[in-house]
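Below you'll find the structure, written out as structure tokens, and then a few comments.
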Amino acid sequence: MSRAEPRPSDAQGPGHHEGRGSLLPLDGVGTVSRVRGGRYEVTLSGGVSIDASIRGRLKRQKRTGDRVVIGDRVRVAVSPDGSGTIEEVLPRSTELVRRGPGGRRPKILAANLDRLVGVVAARSPDVTPELVDRLLVVGESGGLPCTLVINKVDLPGAPEVAAPLVRLYGRIGYRVICTSVEAGIGLDELAEVLCSGSSALVGPSGVGKSSLLNALEPGLELRVGDVSWKTRRGRHTTVSSRLIDLECGGRVADTPGIGDVGVWGVEPTELDQFFPDLRSLAERCRFRGCSHVREPECAVRGAVARGEIDEGRYRSYCALREEAG
């Protein structure tokens with residue numbers, strides 16, 4: 001009698017099974033690459049993606065903000081049909097977090113990324129320096145180096161709006177890139193940033209985040225929308241959060257546009273550490289823990305009076321400090 005052939009499960013070993021036509025591990029660690037309606041796409045080692053849900057006990061755990069977000073490293077158990085269950089969320093190295101609706105809880109947008117790329121439009125919708133400051137503080141407080149992109153610089157009057165922003169934030173030390181999809185401006189420089197490591201593309205709706213990604217990689221075919229003529233704000237076209245792998249090797253977190261850029265989890269006493277231009281002066285104040293609002297012999301307020309710190313930046317600091325309580 002001939003020797004019996006091993007069953008497929010025996011041949012593959014005890015730790016694997018067939019799922020969705022591919023060899024899948026029974027469990028492993030992967031990265032959450034998409035979140036939509038309570039379902040999670042997890043990319044395992046080797047590039048295999050599975051659809052996963054959250055284990056019930058994880059839902060009951062007390063966690064800061066969202067339980068699972070794009071970029072999270074998670075441990076999953078894989079079923080024979082190829083679906084998965086998220087058993088554990090591993091510690092995060094960085095978090096992109098802002099104040100959630102109503103201001104009572106955080107809204108975590110992404111985790112474990114390398115940088116924040118804040119995107120604003122010089123025109124349509126019009127940019128305000130306060131919005132830029134808030135985007136940068138969100139990145140700084142989450143441990144993310146920041147790059148600023150000023151889009152739509154081809155529109156009438158846009159160069160006059162962009163020029164002072166380039167001077168201001170460039171002088172502070174941020175990399176500032178002016179872009180236009182229509183005119184092909186700045187796209188190579190933006191690609192240089194996005195094609196290395198992982199980036200969060202963050203900004204209000206309508207500033208052209210999806211258009212920029214489509215220009216860099218036309219095969220993405222991301223939805224784009226116009227600015228409402230009534231509100232002069234962008235319409236939401238990105239409705240889910242996902243990590244996009246670019247052909248050049250980078251990875252971009254594409255998130256829904258945010259209108260209210262509220263800062264979360266920053267104590268009033270540490271806020272100046274997320275303003276690089278204030279941070280360098282804070283140690284020169286007469287009083288330790290100076291709020292830079294009313295104390296005498298404050299180095300920060302002195303620098304504002306001498307024109308060494310932009311007055312608008314200082315107003316942004318004061319507004320955020322008041323919000324922080």
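Every read-out reported here was derived from the displayed coordinates using simple, explicitly stated rules and does not represent laboratory data. Owing to the predicted nature of the structure, the values given are computational and were not obtained by experimental measurement. Using ideal geometry, Cβ is built from the backbone for each residue, glycine included, and neighbour counts are taken over all protein chains shown.
Observations, loosely collected:
- Low-density loop positions, trypsin sites (Lys or Arg not before Pro), region 82-138 - DSSP coil, at most 10 other Cβ in 10 Å: 104
- Calculated from the alpha-carbon coordinates, region 89-182 shows an Rg and a Dmax of 14.7, 48 Å respectively.
- Neighbour cut-off at most 14 other Cβ (10 Å), DSSP loop, trypsin sites (Lys or Arg not before Pro), region 240-291: 284, 286, 288
- Where GluC sites (Glu not before Pro) fall in DSSP loop in region 285-325, at most 13 other Cβ within 10 Å: 297, 308
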